[in-house]
Each structure stands twice: as structure tokens, then as C-alpha cells.
Amino acid sequence: MEDISRLQEKLRAGGDAKYHEKNKESGKLFARKRIELLIDAGSFIEDGLFANCMNEGLPADGVVTGLGMVEGRKVAIMANDSTVKAGSWGARTVEKILRLQETAQQLQIPVFYLVDSAGARITDQIEMFPGRRGAGRIFYNEARLSGKIPQICLLFGPSAAGGAYIPAFCDLLIMVDGNASMYLGSPRMAESVIGEKVTLEEMGGARMHCTDSGVGDILVSDEPAAIEQAKKYLRFVPQNEKEAPPKVKGIAPATACAALKDKVPQQDNKAYNMREVLDAVVDAGSIFELKELYAKELITVLARIDGAPVGILANQPMVKGGVLFVNSSDKAARFIQLCSAWGIPILFLSDVPGFMIGSKIEKEGMIRAGAKLIYALSNARVPKIQLIVRKAFGAGLYAMSGPAFGSDCVLALPTAQVAVMGPEPAINAVYFNKMAEMKPEEKAAFLKEKTAEYQKEINILRIAGELIVDAMIDFSQIRDELVKRLRFYDRPKEPMSAPGIMPM
Amino acid sequence: MAKIKSEMAGTVLEIKVKVGDTVTKGQEVAVVESMKMEVPLQADVAGKVSKILKNAGDFLNEGEALIELA
């Protein structure tokens, strides 16, 4: 009779000691240690430990899969074991991942993908790559599960070629600086196929993906930090799309909103730090920021207001004037979809000069990206509040959940301005020919006079008088107003409609 | 040699340093006006200003350098 306990122990030890040593040198933990840090002690139930057990050197076929509890909540976990053939995928590796996804779907629980894999095992390609239950099915499942159950990826090492799509389909991707990487073709392949000489870090490093490509959501310095961030995210989202997101006891903000009066400039062209507004609005210490390093002209955070989760999109006048670009529009659209899937109300802090203009951005597809943002906004299934902090110009008003976009309410501060465009471009547009004939001093006086008239036209009290905004509030009232309104608007998500044809 | 580049297309409104000045990382070195906003331009590395490539009032494209650091 086989000594199962001894075999289990052997299989749980993973690959050869030299690979464990190598991982240790680069600050990487063993796959089972990662799971241990993630879940509640003793809660792990494993399937497929004996996968490929008749073949020496392939313990568990290079992936650990099972169920466990995270802070008392049921989750499904897969973790590549990079000590076994560099975490590469054979036929049973793929089968184990597929079964884990199917179990998560059956149980309606979140999935954690702990990725550290060299990709397909080329020697096994016919068995693991092309077929109905080949690797492609993993991505198919991820796409079908998207927005139904939370899918969280912690990227600890490489995620190469097709494997790079596991992280890309998750709602949240956390990457460890220096170790995590994603790329479709390695630097060696890039050199041989297209002649480019590039380092792995430049090509697909964690920092690059969190800053430039925008695939990564959160950059962390080490693995325990990645696990901590994943747990923080889970605290904001429900087990599945049918449940409501968890609430906790509320706490006061870190700063008083009355003080914002001196921080938000009245003049609409001056920069200031929108993060100060965030700090005065949300529960102290509750901010969980996504894509902090990417498209920084728009801030996207999950946070709490009186203990209830809220997703906040805030224009950042400190960066690129808070103007919306292609990347910030993509960032906004995705964040809105995330909040909508998990039933998290959205607060829009608006101070936006509009979408970027000029030939360069038009060629990049600004209209397409802007349409994507407005499409996501229009189809969001959760309460939406727009707070006009200062400017809401042009289609920026629309993009930040303006009055026409099904917002539960539009609130305006005394600094708010709502217009198709700011005074100067508007006057130029209307009086271009007339002004072209004027002498410089005459033109300056004319511009001054027309600016005063225009400002009167777009004065926020006039806008409020026309019922374009639902309420005017003072700086000191922001937090209380939001607490009361969010409490009131709290309701189940609207049912999902047909997906439509999203511009992208 | 590092270059301080504009993140967006606009007009140089003000240059806050001169050749020979030492700048620290994150220091505001210029203001670019774009989309009727004053957009601060910050040094992303520390260094000594060796060249100023544009004057106030000049157009600066996205990604174009304004200042060179030695």
C-alpha cells in the first residue's frame, strides 16, 4: 500500500531545492507560502496535488489549485509553482486551472490567480495548447466570468506569451516591482523577429505596465505587500455580482472639508491638488487607488464614505490640467465598469476643461476613447453622484456624469462653472471675424467686456436657477451631504442589459 | 543628459529657471498653458540646467523638450 502522507509531503515540496534557492535570491516566495499568507490558517482544500504524479520532477504539474478562506470569505486559488519547470503549463496544469474556474463559477466565489509562469510547455503543446480544453479555454472562462465573480491576479514573476492574458482579464492586477513581467514575445524573440534590442524590464516590467501600458493596477515592492493589497481589494467587493459589497463602520475623514474653501482656487486656470478634496471627503485611511501611476490626470479610487464603499473618479488639475486624454478615458471607462459590476456607487469629482484637442490626439482616437467612457457611464447600473468642484466644460461635463447621464444628483460648489467651453475660446469662436479687424488695444477691451458678459451667462447661480444642478452646497457641507445622499440612494443594482456594442 | 519634456501640447507661459540653476526632482521649472489651463512642468530628475530650448510664448508639442539638464 502507498504511503499517501509521505507522497503528499513530497509533492507539496515542489521542485528541486536549487530552484527554491534561486527564487529566494530574487525575493520570491514558494507558491504554497504565498497561499499561506493569503488565506486563513488551516483553511486550504487542495485538488489535483497528484496531477502528473507518475512523472518525476512535475509535482502537482506545476500549479497549486484549491479553495480557502480569506478573512472568513470563501475563495478559489491557483498558484503557479515556478520551482517546477519554471511554472510552465502542461496539459494537467491547464486542466487544473479550468476545473478551478468551473468550481468558482459553481460556488459563485472570487478567484485569485497567483501567477509566476514561463508559459506553455512547448514539448506538450498538442496536449495543452490548441484543443477544446486547451489553454485558450482559461481565457474564455475568465472573459465569461468577468463581472460575475471577482477575479484578482497577483503577478509575482513572468507571465509570458499567451499566459500574459491571465492577468489581463482580471478585474485587478497587482504587480511586484522588479520580478513581475508580462510580454507576448521575450526580448530574445523581439531581437530575432523584429531586430529590437530591449531589456525585459523595459519591454514588460511591472513598472512599465503600471505606468505606460496601463495593464497593471497596483505596483508593490514585495510579495507580502501584494497579498495585503489583494486582501484590501476583496474588502471592497462582494462574493459575486448578485451580492452587495461589504460595509464597515464609518470613520471621520482625515481633514475637514470646510478647509477646502482656501484650497480650491476660484480662477479656473490654476492648478491645485485634487487629492486634498479626496482626503476631506472619504473615511480616513480608506483610499484604495487603482492605476495610480497611469494617466494621472484622472484619479480612480475605491474608498469609503461613512463605511459604505464608493468608487471615485476625480480630475486632477495638477497633471495635464485635468484634461481627459485617450488613456484617462480608458482608465475611467474600465473603473466605471468595475464599480458597476460590484454594485459600488460612483462619485465624480469634476474639474475638467474637457477632452484634449489637436491633431495628435485625434489620430490617437480621442473620439473613440471618449465615446467608450460615456458609453460605460451611460450603462452603469449603480447610483451616480456628480460633484462639480470647479469646472465642468464641454463634453467633460458629460463624461463626469453630468445631469443628462442618469445621475442621482448633480451637486455644485460655489466655485463651480458649467459651460460648453471657457470664456476666451467661446468669445473667440463667436467673434473671431469681428476681432480680427480690431486694433490690439480695442481687442483687449472688447475681450474684457465680453468675458464679463460670458461669465454672467455661465454663473453657477444662473445654472442652479435653471435647475441644471440639483443642489448648491458650501465646502463645509460636502461630507455630510454625500453621507446622507449615498445612504438614501443605496439600492440593488439595475439588472444587466444586453452588452450592446461598446465603442473602443 | 536629461530632458524635461512637456506632457501636453501648449504654449510656454513661464520658465522659472535659468541656465546654471540646480533643480531638484519634482521642482516646478516651467508653466505651460494648454486647454486654457496653467499646467506646471516639473523636473523628473535632479540636475543642473544646461540649455533652455524655448522661450515664453513658443508652442511646445506633447513630448517635446523644453529644458536640458546636465
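The values are calculated or read from the model by the stated rules, or taken from the named source; none is laboratory data. Quantities reported herein were computed from a predicted structural model and do not represent experimental measurements. Note that each Cβ is placed from the backbone with ideal geometry, even for glycine, and that neighbours are counted across all protein chains shown. Just so you know, the surface numbers come from the protein's heavy atoms only, side chains and all, with ligands and any DNA or RNA stripped out. Shrake-Rupley method; radii C 1.70, N 1.55, O 1.52, S 1.80 Å.
Checking A:TYR431 against (1) open to solvent by 10 Å² or more (accessible area, probe 1.4 Å); (2) free of Cβ contacts under 8 Å to residues at least 40 places away in the same chain; (3) out of contact with any Lys or Arg (no Cβ under 8 Å at 6 or more places or on another chain), only one condition comes out false. Which one?
With (1) open to solvent by 10 Å² or more (accessible area, probe 1.4 Å); (2) free of Cβ contacts under 8 Å to residues at least 40 places away in the same chain; (3) out of contact with any Lys or Arg (no Cβ under 8 Å at 6 or more places or on another chain) applied to A:TYR431, the lone miss is (3).
Search region A:165-189 for residues being open to solvent by less than 10 Å² (accessible area, probe 1.4 Å) and in a helix (DSSP H, G or I), and hand back the single one that is farthest from A:ILE152 (Cα to Cα).
Result: A:ILE166.
This table checks each residue for (1) within 14 Å of chain B (Cβ to nearest Cβ); (2) under 17 Å from the mean Cα position of the chain (by Cα).
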{"site": "A:ALA341", "(1), (2)": "no, yes"}
{"site": "A:GLY354", "(1), (2)": "yes, no"}
{"site": "A:ALA369", "(1), (2)": "no, yes"}
{"site": "A:LEU377", "(1), (2)": "no, yes"}
{"site": "A:ILE385", "(1), (2)": "no, no"}
{"site": "A:LYS391", "(1), (2)": "yes, no"}
{"site": "A:GLY396", "(1), (2)": "yes, no"}
{"site": "A:SER401", "(1), (2)": "no, no"}
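Read through the list (1) of a type in the set (Lys, Arg); (2) within 14 Å of another protein chain (Cβ to nearest Cβ); (3) over 14 Å from A:ALA271 (Cβ atoms), then give the number of the only condition that B:LYS36 fails.
Result: B:LYS36 fails condition (3) only.
What number goes with the only condition from (1) buried (at least 22 other Cβ atoms within 10 Å of the Cβ); (2) closer than 26 Å to A:LEU219 by Cα that A:ALA135 does not pass?
Single failed check for A:ALA135: (2).
For residues in region B:1-33 being assigned to a loop (DSSP other than H, G, I, E, B), open to solvent by less than 20 Å² (accessible area, probe 1.4 Å) and within 16 Å of B:GLU62 (Cα to Cα), which is nearest to the other protein chains (Cβ to nearest Cβ)?
My answer is B:MET8.
Is it the case that some residue within region A:405-414 is under 43 Å from the mean Cα position of the chain (by Cα), farther than 21 Å from B:GLU38 by Cβ and assigned to a helix (DSSP H, G or I)?
Yes, that holds for at least one residue.
Filtering region A:239-269 down to residues that are loosely packed, with under 14 Cβ neighbours inside 10 Å and acidic (Asp, Glu), which residue is farthest from the other protein chains (Cβ to nearest Cβ)?
A:GLU243
Out of the residues in region B:39-62 that are within 27 Å of A:ASP351 (Cβ to Cβ) and more than 9 Å from chain A (Cβ to nearest Cβ), which is surrounded by the fewest Cβ atoms within 10 Å (Cβ to Cβ)?
Filtering first and then ranking leaves B:GLY57.
Being charged (D, E, K, R) and open to solvent by less than 100 Å² (accessible area, probe 1.4 Å) is the filter here; which residues of region A:471-493 pass it?
A:ASP474, A:ARG479, A:ASP480, A:GLU481, A:ARG485, A:ASP490, A:LYS493
Could you pull out every one of the helices (runs of 4 or more DSSP H) wholly within region A:1-112 that has 3 or more residues that are more than 19 Å from A:LEU155 (Cβ to Cβ) and open to solvent by less than 50 Å² (accessible area, probe 1.4 Å)?
Ranges flagged: A:91-107.
Among the residues of region A:138-149, how many are among the small types (Gly, Ala, Ser) and open to solvent by 60 Å² or more (accessible area, probe 1.4 Å)?
Matching residues across region A:138-149 total 1.
Which of the following residues is of a type outside the set (S, T, N, Q), under 27 Å from A:GLN316 (Cβ atoms) and within 14 Å of chain B (Cβ to nearest Cβ): A:VAL420, A:VAL469?
When all the criteria are applied, what remains is A:VAL420.
State all residues of region A:435-457 that are away from chain B (no Cβ under 14 Å), in contact with a helix residue (DSSP H, G or I) (Cβ under 8 Å, 6 or more places away or on another chain) and either open to solvent by 40 Å² or more (accessible area, probe 1.4 Å) or within 16 Å of A:ASN269 (Cα to Cα) (or both); if no residue qualifies, say none.
A:LYS443, A:LYS456 - these are the residues of region A:435-457 that are away from chain B (no Cβ under 14 Å), in contact with a helix residue (DSSP H, G or I) (Cβ under 8 Å, 6 or more places away or on another chain) and either open to solvent by 40 Å² or more (accessible area, probe 1.4 Å) or within 16 Å of A:ASN269 (Cα to Cα) (or both).
Of the conditions (1) modelled with pLDDT of 95 or more; (2) farther than 30 Å from A:ASN240 by Cα; (3) within 14 Å of chain B (Cβ to nearest Cβ); (4) open to solvent by 20 Å² or more (accessible area, probe 1.4 Å), A:VAL323 clears all except one; give me its number.
A:VAL323 satisfies all of (1) modelled with pLDDT of 95 or more; (2) farther than 30 Å from A:ASN240 by Cα; (3) within 14 Å of chain B (Cβ to nearest Cβ); (4) open to solvent by 20 Å² or more (accessible area, probe 1.4 Å) except (4).
Answer yes or no as to whether A:GLY119 is farther than 30 Å from A:PRO495 by Cα and of a type outside the set (S, T, N, Q).
Yes.
Has region A:291-303 got any residue that is open to solvent by 10 Å² or more (accessible area, probe 1.4 Å) and away from every other protein chain (no Cβ under 14 Å)?
yes
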